[in-house]
Amino acid sequence: MEKKFFERPIINKINAGIPDKFGMGNQLNPISTIDGVAVKDLIAEHGSPVFVLSEKTIQDIYQDAYQAFSTRYPKVQFAWSYKTNYIDAVCRTFHKLGSWAEVVSGFEYQKALENGVPGNQIIFNGPDKNEADLRLAIENASLIHIDHFDELYLIIRLADETNKRPKVAIRVNMDNGIYPQWDRFGFNYENGDAWNALNRIMLSKKLDLVGLHTHIGTYILAPFGYGNAAKVLADLAIGLDRKYNHKIKYIDMGGGFASKNTLKGAYLPGSDTCPSFDEYAEAITNALINSSIDPENMPVLFLETGRALIDDAGSLLGSVIGNKRLKDGRRATILDIGVNMLFTSFWYEHIVVPAQATSKYTEDTTLYGPLCMNIDVIRDAIQFPSMKIGDQVVVKRVGAYNMTQWMQFITYRPKVVLIDRKGKVHTIRNRENIDSIRSLEVVPDYLK
């Protein structure tokens, strides 16, 4: 008979979460399968750690979001935010659902083209568009969202040189009631820069002003901020019609919708505080349909939400590699998941649960990653059961930003797989290895 594992009893202060009426933390329900595929089988075949994306979840959430807006407004177009997750299989899944591409760099622009997105269905945002990027975007009739005056003057020059009329919009920032105000992207409304830019575009007669854009922030929990921003863009659209008899073709409300992840320091879980797509849609569409925009020429409503569409679809599977006690007696469990691959652990109190049945008794635990850095903390404090080496865990809601902001540091970046609606598992990005890391390195002859 195998000898049972023993740990000495201790008494310590609970730092993680609110205990129940008996003073015990909430029991964690294990996640043993994802879309019907066993976690242990995924790790056995693809290694630990491994990112897992659910096509079913992506499609279901996208349809919920599209329905919320399309039932409230006559013309709606989503554009997938490449910076949120630019793995090709993910981007193509959204394009297959009807989403355009929203990019913020020449790199992402090239990715969108190679994913088969027509140039006139690519929205080019961001403050860093070099001359070569802009020439390519102009040649492909893409929608260029101008961020600053220097970019505007460069586009006017390129219009002369290429003998083409670039399709442009301006990015607008404003006081929309959200703190802190994001005023670094685009032209400010209150100081007059937005109108200054619009006047220069119209008077140049060399650019085709097709839209207005704003990006009010990230993880916005107050839908009214979008409503206030939509009112400002509607006001600019009305002013353009009155002054120049010019009707814009679209209003782009950018991204920033919150996911159900819980921000660090939040009192309530994100699942309770995150607004629904209906609430966002109500705020934005009310502002537009109740404005004085000509009802016969309502602009298309563009949305670039990324986080809220993909976060829930991603899970990160990993394994326990060790346990220890900290100086105050608290347990520390070490995972093979580091902050180099889970960048959002700096922002969120991620839900981490065992992948197999465990003891119902939990204690205050810190979850560390495997890196030789003191900042490598997945959860500072969580009520967690005792775990043995080799036991497996699931980190929920990791689909946004982790696969674009991850770093190759100390450990290889892991494999990414996609489970399709039929339950078949597809590798969509291979795990790094020594050859992939060294392929970009060059050793001088004198060191060979």
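The values are calculated or read from the model by the stated rules, or taken from the named source; none is laboratory data. As the structure is a prediction and not an experimental result, all values here were calculated from the model. Positions of Cβ are backbone-derived with ideal geometry, glycine not excepted, and every protein chain shown enters the neighbour counts.
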Of the listed residues (I284, I289, I248), the one being of a type in the set (V, I, T), assigned by TED's automatic domain parsing to the domain that holds C91 and closer than 30 Å to K396 by Cα is I284
Of (1) touching a helix residue (DSSP H, G or I) at 6+ places or on another chain (Cβ under 8 Å); (2) surrounded by fewer than 20 Cβ atoms within 10 Å (Cβ to Cβ), F107 fails just (1)
Counting only residues that are over 23 Å from A258 (Cα atoms) and assigned to a strand (DSSP E or B), the stretch 323-361 contains a total of 9
Counting only residues in the stretch 207-249 that are of a type in the set (S, T, N, Q) and surrounded by fewer than 17 Cβ atoms within 10 Å (Cβ to Cβ), the one nearest to L152 (Cα to Cα) is identified as N245
Here the residues within the stretch 409-434 that are hydrophobic (A, V, I, L, M, F, W, C) and in contact (Cβ under 8 Å) with a residue 24 or more places away in the chain are F409, I410, V416, V417, L418, I419, V425, I428
Within the stretch 389-415, the residues that are over 23 Å from V37 (Cα atoms), of a type outside the set (V, I, T) and in contact with a Phe, Trp or Tyr (Cβ under 8 Å, 6 or more places away or on another chain) are Y401, Q405, W406, M407
Flagged in the stretch 245-274 as under 17 Å from the mean Cα position of the chain (by Cα), closer than 30 Å to I146 by Cβ and not hydroxyl-bearing (S, T, Y), in numbering order, are M253, G254, G255, G256, F257, A258
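Only one residue in T262, T333, T273 is touching a residue at least 40 places away in the same chain (Cβ under 8 Å), among the hydroxyl-bearing types (S, T, Y) and outside the structural domain of W100 (by TED's automatic domain parsing), so which one is that?
Details: T262 fails: outside the structural domain of W100 (by TED's automatic domain parsing); T273 fails: outside the structural domain of W100 (by TED's automatic domain parsing).
Of T262, T333, T273, the one residue that is touching a residue at least 40 places away in the same chain (Cβ under 8 Å), among the hydroxyl-bearing types (S, T, Y) and outside the structural domain of W100 (by TED's automatic domain parsing) is T333.
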Considering residues that are among the small types (G, A, S) and assigned to a loop (DSSP other than H, G, I, E, B), the number found within the stretch 111-136 is 2
Selection from the stretch 321-338 of residues closer than 22 Å to G399 by Cα and surrounded by fewer than 21 Cβ atoms within 10 Å (Cβ to Cβ) yields D336
Okay, helices (runs of 4 or more DSSP H) sitting entirely in the stretch 1-110 with 2 or more residues that are over 25 Å from the mean Cα position of the chain (by Cα) and modelled with pLDDT of 95 or more, I get 39-46
* Asked: Would it be correct to say that Y179 is modelled with pLDDT under 95 and under 22 Å from F277 (Cα atoms)?
  -> yes
Among strands (runs of 3 or more DSSP E) entirely within the stretch 137-233, at least 3 residues that are closer than 30 Å to N261 by Cα and in the same structural domain as N261 (by TED's automatic domain parsing) occur in 167-173
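Name the one entry in G338, G390, G369 that is in contact (Cβ under 8 Å) with a residue 40 or more places away in the chain, on the phi < 0 side of the Ramachandran plot and among the small types (G, A, S).
G338
Taking strands (runs of 3 or more DSSP E) that do not extend beyond the stretch 373-448, which have at least 1 residues that are more than 15 Å from L42 (Cβ to Cβ)?
Answer list for the stretch 373-448: 377-385.
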Item checked: Test: residue in the stretch 198-219 that is of a type in the set (G, A, S) and over 25 Å from A281 (Cα atoms) -> yes
